[in-house]
Amino acid sequence: MAQHASQNGDYFASSEDYPNGRGKEKLPSDNGTRSSAPTPPDAAYDNQEGEVYDPYGGKKLGMVRTALIFFTNQVGIGILSLPAMLHTIGLIPGIITIIAMGVLATYTAYILIQFYRRYPSIRDVVDVARIMGGKPLEILVGAAHVLNLCLICASANVTLSIALNTITEHALCTVGFIGIPMIMCWLLCMPRSLNFAGWFGIPATISIFTSVLIVVIALAVNGPDYTAVANGGSGYWNEPINQPLQMRLGPNPGATMNQKFESVLNVAFAYAGNQAFVTVMCEMRNPSKDYTPAIIWLNAIGVPMYVIVACVVYRLAGQYVVSPALGSAPGIASKVAYGILFPTLLGSGLVFGHTGIKYMYNVIMDKVIKTRHRLTDNTPLTWGVWLGLGTLFWLTAFVLANAIPAFGSILGISSALFVTWFTFGMANAQWIFLNWGQQFINWKKTSLALFNWFMILASAFLTVFGLYTSISDLSARVNDPNDPLNVFTCANNALF
């Protein structure tokens, strides 16, 4: 395929933008031939020739920095819910769920590069939707795209507020502790190139490893808090205090079906990074060559890390495990771990926040102001639009973080509504689209077609039932007079 790189080009530009053609080459499909996929509603996307350029002067990401960005936006918040998930659905079902979703996330991530090779002008997941379903699907997915990114960033702010309350022993109103990291993330998102996040990924990656290691060492040396202060004076599912540690191989009878299902959704959230992969892909020097190795490295490290961290913390904390998991080691160790985790949580806000702001910026400049050719300009107009949209995005995340202040519930709602589709279902639909008319030509294609159709139906089920369980659990907590959880509250959400 044509080399998708330029010193200062435009990755959205097609052969229509460069009629003289810079290095015209036919774009091969993933298997070297074009399938009989349905004609996309926007014909400008089909049969493109020439190079594709980046309006931010990007195309600077190689495989290593791409893998670091992927690791930053995926291995962060989600890992903190996994030890409690094991205690809820059981050790064996939990491990199977983590590995199975990791394999599925790797497969669906690979489908994204197949789609990019066919339609190299895509800039984000919304462009994919426009190609597949025209304007109606573009609008629907665009709204969902931004809202989900806001929810993910809101969950980072909630986690950071728990950390700040834990470290400072509730020195400030919780609304303020949600606002402080929001301002920090807003500042981090102001550079208009995602190239910055590649370097930020290094300290973010180190911080998640270090913080988890501190908790594991503290638990191994001192054990968990057997008085279960963080869980309200009992085990995670109301087990009595000061009892020998227990590990459940199967589902916990103390948890309801809704709570078990929400725990499964929390595993899905741990693989929420796929949504930003297309945006990052567009800033790579050579995505066709480097994207797949970056994905393999991400999950070759990430999935075993999820399993090891979840199992070790659960083994050492037992029924006194806490979610987020860093609170499982009480006292100074937990405070130190939360302090070290800051770069990872801020990195999640940076990557997901930048992805959402960049999408809105593209839409405003392309469709409203109609100045796509000025995307790279450093003018009061372009910077005013970027700063205004960045402020709007993070204010929305701030409102959501205060409206859904429960860590597990915000992960469950985000997973049910969006992650099941952006990580799984939508990618499976892309495979169907790319192979339309060829789905059943042989046994291999037939098997893949049936699997992808099944995953689309499974995503629909997870959305309906998952949203019901997450909202039900959140409503029960808000209405519980003994639970301090409330919307826009100054109440302390520290773990101890």
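The values are calculated or read from the model by the stated rules, or taken from the named source; none is laboratory data. These figures come from a predicted structure and were not determined experimentally. Cβ coordinates were reconstructed from backbone atoms using ideal geometry, including for glycine residues, and neighbour counts include every protein chain displayed. SASA here: full protein model, heavy atoms, side chains in, ligands and nucleic acids out. Shrake-Rupley method; radii C 1.70, N 1.55, O 1.52, S 1.80 Å.
In the complete set of protein chains, residue-level accessible area for residue 164 is approximately 30 Å², probe 1.4 angstrom.
In a DSSP loop and with at most 13 other Cβ atoms within 10 Å, the trypsin sites (Lys or Arg not before Pro) in the range 341-373 are 370. Across the range 63-479, the relative contact order, built from alpha-carbon pairs under 8 Å that are at least six residues apart, equals 34 percent. Annotation: residue 292 carries an accessible surface of approximately 40 Å², with a 1.4 Å probe and no ligand, DNA or RNA atoms counted. For the range 417-446 and the range 216-270, what is the separation of their C-alpha centers, rounded to whole Å? A separation of 37 Å, based on Cα centres. Note on residue 471 and residue 64: with the Förster distance fixed at 35 Å, the Cβ-Cβ geometry gives a FRET efficiency of about 0.30. Each Lys and Arg Cβ is given +1 and each Asp and Glu Cβ -1; about its Cα centre, the range 63-479 then shows a dipole of about 1060 debye. Structure note, pairs 260/289; 60/370; 260/335; 135/260: Cα-Cα distances above 32 angstrom occur for 260/289; 135/260. Taking label positions 7 Å along the Cα-Cβ direction at both residue 187 and residue 286, the computed distance is 3.9 nm, reported to one decimal. The 1.4 Å probe gives accessible areas that order 125, 64, largest first, as 64, 125.
Taking 0.36 nm per residue of sequence separation and removing the Cα-Cα distance, the residue 383/residue 241 pair yields an extension gain of 45.5 nm. Distance from the alpha carbon centroid of the range 297-322 to that of the range 153-180 works out to 24 angstrom. For a label point 7 Å from the Cα of residue 461 along Cα→C-beta, name the residues of the range 100-117 whose backbone N is under 17 Å from it. So the set is 100-101, 104. Across the range 130-155, the residues whose backbone nitrogen lies under 16 Å from the label position 7 Å along the beta-carbon direction of residue 366 are 130-146. Karplus-derived 3J(HN,Hα) values for the range 465-477, using 6.51 cos²θ - 1.76 cosθ + 1.60 with θ = phi - 60°, are 6, x, 5, 4, 5, 5, 5, 4, 5, 5, 4, 5, 5 Hz; glycine and proline are entered as x. Of 480, 290, the order by accessible heavy-atom surface (1.4 Å probe, DNA, RNA and ligands excluded), from most exposed downward, is 480, 290. Stretched out fully, how many nm does the piece from residue 488 to residue 446 gain, at 0.36 nm a residue minus the Cα gap? Between residue 488 and residue 446, full extension yields 10.0 nm more.
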